[in-house]
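Notes to accompany the following structure.
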Amino acid sequence: MSEHISGRAKDPSAGHDRLPAAPAPLGDLTPDAEALARHTAEGERLLALLPPRPRRTEADAHRATALHDSCRAARHAFLARHADAVYDTLTAGRTRRPRLAELAAEAALRFPGLVPDAARLAEERERVQAHKEGREIDQGIFFGALLRSPTAGTHLIQTMLRPAPGSSAHLAEFHRRDRLELPAVLVERRGEAAHVTFRNAHCLNAEDNRLIADLETAVDVVLLDDRIRVGVLRGGPVTHPRHAGKRIFSAGINLKELRSGAISFVDFLLGRELGYVNKMARGLLGEGDGDGERAAPSGAVTKPWVGVVDAFAIGGGMQLLLVLDRVIAEEGAFLSLPAADEGIVPGLGNLRLTRLTGARLARQIILSGRRIHTDEPAAALLIDEVVPAAALDEAAERAVRDLAGPAVAANRAMLTLAEEPLDLLRGYLAEFAVVQAHRIHSPDVLAKAERHWARSRTAGDPSAEQPSAGERAPV
């Protein structure tokens, strides 16, 4: 090809191949959008002259970074002027409520170059994390700008508090059978309680795209069923060789899936926080609830939640405990947020942990990887009751009876309102969207994911898709 000489791409920093400076938005949506589209299209043309990421020299990598940085600066500037107008265009003046993935897909069509289109996302999905271009960073810029807007951000949060597609059909099945079996989650009705069991047995009940989707469905069903007063979360038995047959609460994010590039930024990393976790914290909105300018979700259906921790709750597992109303753990269990080890932001843990533990202990947990064991005094800040493993079922039943009273749901909603106002949540999520998108493509995270994967391969245990608890965080 004419662009290549001896297998090497032309230098995009030379002569007419240099990307012009990012355009400064002038304030009119249509011409500013057209200027953004031209600039990013030129950036993509120059990027295509470079070899694929795995084959780039250091100089190539610097050029690619410069191209991405220029296009991202243009996106930031455009959204700083037009986030509300873009959101109104995509939602027909906030009369439609597209979920995250649908919103991003529509933005790619209506505003070319603003977020990656379907073809570029498909290319990314075929690559391991270390070989991706980092298109999810552009999605993070997009959602961060929307969430930063009080108008667009509030509307988006409330959209994600509505039932996910398909939840109503699953509710009908649950009503018929008092049981709902999803690929990675089991929901069972026991009197006034719905027991939600994680069933990602092959990877220590670690979170992946499938589990996140199933958990949102499960939470929707629990909140929609008027026979249920309390939800109970627990990990099911696992098949990992070191823990075979034992119940484990959660090992956090599936590191093998992260390394392979199979963890979705939109559906998992952002959708988790705006989806099932936020529904557990704030409740479920129905049609018409929250409509109107800056309306608070006061009409949400909210119910108390109990967590039963067998063995350990790591990463996302511990994050879940921060929104629960009663946490019961077996003797000898531990909790940890190994953010320093994994290199990513532990969801909303940074927002929620401090109000339970205080700032100093929160920093030890998040920044230094300190584990909290059930026999430590600090455990009382995060765990309500510690019992022998044989007594966990009885303790869970007792917690359900304690929390099934008619005033509990209203009071927990008021606690959430006091502890985590909607604007506080929105502001945190706006920064989280941008920071987390960068972190999952940062060199240290990529290197650590590769090391975890290499260790599991060296151990000769191809079934061990998730590192053991001892490999997830410093002792």
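The values are calculated or read from the model by the stated rules, or taken from the named source; none is laboratory data. Small disclaimer: the values here were computed from a predicted structure and weren't measured. FYI the Cβ positions are ideal-geometry reconstructions off the backbone, even for glycines, and counts take in every protein chain you see. Ligands, DNA and RNA are stripped out before the accessible areas are found, and what is left, the full protein with its side chains, is counted by its heavy atoms. Shrake-Rupley method; radii C 1.70, N 1.55, O 1.52, S 1.80 Å.
Summing charges over neighbours of C71, with a neighbour being any other residue whose Cβ is under 10 Å away from its Cβ, gives -2 when K and R count +1 and D and E count -1.
Sorting 167-175, 305-313, 73-81 by their mean Cβ neighbour count within 10 Å, with the most densely packed peptide first, gives 305-313, 73-81, 167-175. Summed over qualifying helices (DSSP H, 4 residues or more, each -39500 (n - 2.57)) and divided by its residue number, the chain shows a 222 nm mean residue ellipticity of -15000 deg cm²/dmol.
Between the helical axis of 443-458 and the longest alpha-carbon principal axis of the chain there is an angle of about 60 degrees. Extending 7 Å from Cα along the Cβ direction at E450 and again at T151 yields two label points whose distance is 4.6 nm.
Neighbours of D32, meaning other residues whose beta-carbon lies under 14 angstrom from its beta-carbon, give a summed charge of +1 when Lys and Arg score +1 and Asp and Glu score -1.
Taking Cα atoms only, the orientation of helix 359-368 departs from the longest principal axis of the chain by about 60 degrees.
Each peptide among 400-411, 433-444 gets the average number of other Cβ atoms lying within 10 Å of its residues, and from highest to lowest they stand as 433-444, 400-411. Ligands, DNA and RNA left out, the 1.4 Å accessible surface of segment 257-380 is 47% carbon and sulfur atoms. The accessible-area ordering, largest first, of the residues R38, R272, R94 stands as R38, R94, R272, per a 1.4 angstrom probe.
In summary, the lysines within cross-link reach of K303, defined as a Cα separation below 27 angstrom excluding same-chain residues under 8 places away, comprise K279. Using only Cα atoms, tell me the angle between helix 408-419 and the longest principal axis of the chain; keep it within 0 to 90° and round to the nearest 10. Taking the Cα atoms of the chain, the angle to 408-419 is about 40 degrees.
Among the GluC sites (Glu not before Pro) within segment 306-368, those in coil by DSSP and having at most 15 neighbouring Cβ atoms inside 10 Å are E331. Assign one of three labels to segment 269-408, namely rounded, prolate or oblate, based on the Cα gyration tensor with a ≥ b ≥ c the square roots of its eigenvalues; rounded applies when a/c is under 1.5, prolate when it is not and a/b is larger than b/c, and oblate otherwise. In terms of gyration-tensor shape, oblate. Solvent-accessible area per residue in segment 406-451 equals 47 Å², computed with a 1.4 angstrom probe and all protein chains kept. Only lysines eight or more places from K246 in sequence, or on another chain, were considered; those with a Cα closer than 25 Å are K256.
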